[in-house]
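Where a number appears in this text, it was derived from the coordinates with a stated rule and is not lab data. The model shown is predicted, which means the values in this text are computed figures rather than measured ones. Backbone-built Cβ (ideal geometry, glycine too); neighbour counts: all protein chains shown.
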Amino acid sequence: MKQSFLLLCFLTIAIQFTSAQSTSNAAPTQAEQEIINLSKEKWQWMADKNVDKLAPLFHDESKFVHMSGTWKKDEELEIIKTGSIWYKKADVHDVAVEMFDNTAIAWSRITLAAVVRGNEVSTQFTVTEVFKKENSGWKLLALTFSSVRDTHIIKH
């Protein structure tokens, strides 16, 4: 009887663990994949200092939270254009996206190679991006950098 109970407990835990793993590793939906792709393109545009591609993506009221301050669209575009911060390369290690009607939130764990005011830096971040679907497509409302350790894990 005791062995049967232990076996039943073990099987229940194993089934829950397997179910949790399959949920977290599920393929992204079409909308989630669209956000993942858009975020990836955005990193490349930032590396290329392509403000012509970034300007229509950034919502007019968007905000950008960095380690040194928070600013709006025009200042972020100017910083990118002038190279005050040059986002040379964002290595994306993981992305989780959640959809809420016409809003998407993407959490990306990245290693960012950048030049900040002439100094080369490499920093681990979790970046939170909030996108809103409008008639003309997705608009970035907010982008926040959170400095993290390289062992940081995003829960899916």
Task: Gain on full stretching of the segment that runs from residue 71 to residue 115 - 0.36 nm per residue minus C-alpha separation - done: 14.0 nm
Open item on the list: When only alpha-carbon atoms are used, what values of Rg and Dmax, in angstrom, describe the range 26-147?
Closed with: 13.7, 42
TODO: Fewest Cβ neighbours within 10 Å first, please rank 36, 153 accordingly.
DONE: 153, 36
Task: Vicinal HN-Hα couplings computed from phi for the range 77-88 (Karplus, 6.51 cos²θ - 1.76 cosθ + 1.60; Hz; Gly/Pro x) - done: 5, 5, 4, 5, 4, 7, x, 3, 10, 10, 7, 4
